[in-house]
1. Could you tell me whether the stretch 153-169 includes any residue that is farther than 20 Å from Val66 by Cβ, at pLDDT below 90 and in contact with a helix residue (DSSP H, G or I) (Cβ under 6 Å, 6 or more places away or on another chain)?
2. Just to verify a result, which residue in the stretch 1-25, among those that are assigned to a loop (DSSP other than H, G, I, E, B) and in contact with a strand residue (DSSP E or B) (Cβ under 9 Å, 6 or more places away or on another chain), is surrounded by the most Cβ atoms within 10 Å (Cβ to Cβ)?
3. Against the conditions (1) closer than 30 Å to Gln184 by Cα; (2) open to solvent by less than 20 Å² (accessible area, probe 1.4 Å); (3) over 24 Å from the mean Cα position of the chain (by Cα), where does Gly33 fall short? Just the number, please.
4. Please work out which one of (1) open to solvent by 50 Å² or more (accessible area, probe 1.4 Å); (2) assigned to a helix (DSSP H, G or I) is the condition Leu166 fails and give its number.
5. Name the residues in the stretch 297-328 that are of a type in the set (Gly, Ala, Ser) and either surrounded by fewer than 10 Cβ atoms within 10 Å (Cβ to Cβ) or touching a residue at least 40 places away in the same chain (Cβ under 8 Å) (or both), would you?
6. Failed condition for Ser190, given (1) of a type in the set (S, T, N, Q); (2) over 30 Å from Phe222 (Cβ atoms); (3) modelled with pLDDT under 95, with all others met?
7. For residues that are assigned to a helix (DSSP H, G or I) and basic (Lys, Arg), scanning just the stretch 90-140, find the one that is least open to solvent (accessible area, probe 1.4 Å).
8. Quick one: in the stretch 210-230, of everything that is of a type in the set (A, V, I, L, M, F, W, C) and open to solvent by 30 Å² or more (accessible area, probe 1.4 Å), which residue is farthest from Lys305 (Cα to Cα)?
Amino acid sequence: MKNYIVFDLEWNQSPHGKADSVEDFPFEIIEIGAVKLDEQFHKVDEFHRLIRPQVYKQMHYAISEVTHMDMGELRDHGEAFELAAQEFFVWSGEEPIYCTWGSMDLTELQRNLKYFGMENPFPKPLFYYDVQKLYGLFYRGGAKPSLDAAVEELNLLEDRPFHRALDDAYYTGKVLAHMSREQQMDMVMSYKSIDYYRLPAAREEEIRIVFPNYSKYVSRIFNSKEDAMQVRSVTEMKCYRCGRALRKKVRWFTPNQKVYYGLAICPEHGYLKGKIRMKRVDDTRVFAVKTLKLTDEEGAAGIVKRKEEAKKRRTERNKAKKLRDRETKKS
């Protein structure tokens, strides 16, 4: 039997800002809350732990204002992160399906596991359900609202607050259960999210997944954007309906060095537009997330127009640079 583990975290940070933060450990988890839903999205259990801080032992004022927690509560009633995390994974059971509101909770949970020297029990790659993304996709045209906004829009508000881990997990579970009644749930649950905390280490681990109306590819790590754009698996365009390798009508171009766009034509299914987002791993290294989506004449024309505008801006920048160089030589 499948169990959906809907969880939420609260965390603290250095009260003095980034300068006093521990490297690669900006947030320390101070609360875990979760609800367990069965296959019909009925709540069957809940989990809650306060965690005693070991790194950031002074509460950041903004965290205190939002959560209304204080260090006294955590010292008196909290337990060590290692114990709380272990209990959470045991409670989650075998082959749990994790669900969160947004992507940060999974990232910070794994970052805390690493900092405290614990084994990462999640599968790799890690697929999960981002309920915020699903709600935005099916109710907001892709926009991602806050949890409290979604709860109010669906008239699910109860006499319990937001911004505590168990309460937010409870409301996230309510939103997911509501979608299961209002939407075609098979369609909703086909939109899995991919966690990016642990990236593919080699070409064989690169991730390819097909959704109902687009495909996604996640690359291994490259030393630079330029290196990534030299690799066929990053730049190739294949129709996700028939698997055919396509010749590009508009070669990959970028208006800002962060996102690349391209266009191809499938003889059977029509125009296919592509987007490659370059995401940073550190100061120099990157990985690529490529999405391909079938589109119509208007969508194809939009890609062509975007390329023309990018070319125009590049020409204007080059002219301005030449003018500055001439003025520098004169002076």
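1. Just the residues of the stretch 153-169 that are farther than 20 Å from Val66 by Cβ, to begin with: 153-156.
Subsequent filtering for residues that are at pLDDT below 90 retains none.
No - not one qualifying residue is present in the stretch 153-169.
2. The extreme case among them is Gln13.
3. Unmet condition: (3).
4. Looking at each condition in turn, Leu166 falls short on (1).
5. Of the residues in the stretch 297-328, the ones of a type in the set (Gly, Ala, Ser) are 299-302, 310, 320.
The answer is Ala300, Ala310.
6. Tallying (1) of a type in the set (S, T, N, Q); (2) over 30 Å from Phe222 (Cβ atoms); (3) modelled with pLDDT under 95, Ser190 fails exactly one: (2).
7. Within the stretch 90-140, the match that is least open to solvent (accessible area, probe 1.4 Å) is Lys133.
8. Going through the qualifying residues, I end up with Ile221.
The values are calculated or read from the model by the stated rules, or taken from the named source; none is laboratory data. As the structure is a computational prediction, the values presented were derived from the model and not from experiment. Cβ sites come from the backbone with ideal geometry, for glycine too, and all protein chains shown count toward neighbours. Just the protein is used for accessible areas: all its heavy atoms, side chains included, with ligands, DNA and RNA removed. Shrake-Rupley method; radii C 1.70, N 1.55, O 1.52, S 1.80 Å.
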